[in-house]
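Okay, structure first, notes after.
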């Protein structure tokens, strides 16, 4: 069976795909379109690839359906959407988060940024009430202990991206959206689901060379521990 390298939306990387079916069509004298139904060799996810050959210069445009993604939607989003994590009011927030990921997957970055802005505002209203401005909401959100000072700055920057997309037509980059989604997911996990505990996954790395005991603790040296503690005091002290 013929195989090709293609992006997999489940594996979040390029993998070897089996070509299940392919066909080509000549569209006039300028282009030739090729379509292929492909299956990921790693997870068996099926997608479709489309290549358009421009006859004049030999250039090729390539697209995949569904669109390749660089980030998976969290598995807990489904339960949040159903309102099973705490109460039904969270279901609307979960549905909005799903729509944000759908916009990201479709390359609709402006819509995703606007959705993130709306979601963060709704989270703050859900917790502290509807105050007149974003800054007042953020100040009260921090004052009540929901976020640290550094997290407040991150949320303000995330809100600014949404404002720019809404009012000035700004198109955020994939990296900017990824940072914004980190902020959103952290807020949702920590503050909307207090009855659930976050788990810490330790990553297996190569043995420490001097002692061979695997103790990688350089992030505690000097003033660095104070920096990490400032990000999330409760989590740091708990660890």
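Please report how far the C-alpha centroid of region 158-182 lies from that of region 50-64, rounded to the nearest whole angstrom.
31
For the residue pair residue 125 and residue 3, what label-to-label distance in nm results when each label sits 7 Å from Cα along the Cα-to-beta-carbon direction?
5.2
Between residue 75 and residue 179, what is the FRET efficiency for a Förster distance of 25 Å, r being their Cβ-Cβ separation, to the nearest 0.05?
Efficiency for this residue pair is about 0.75.
Decide, for region 76-191, between rounded, prolate and oblate: order the square roots of the alpha carbon gyration tensor eigenvalues as a ≥ b ≥ c, take rounded if a/c falls under 1.5, and otherwise choose prolate if a/b is larger than b/c, else oblate.
Oblate, since a/c reaches 1.5 and b/c is not below a/b.
If you stretched the chain out fully between residue 60 and residue 30, how much longer would it get, using 0.36 nm times the residue separation minus the C-alpha to C-alpha distance?
Once the chain is fully extended between residue 60 and residue 30, it gains 9.6 nm.
Each reported figure results from applying straightforward, stated rules to the coordinates on display, with no laboratory input. What you see is a predicted model; the values in this text were computed from it and never measured. Don't worry about glycine lacking a Cβ; one is built from the backbone with ideal geometry, like all the others, and counts go over all protein chains shown.
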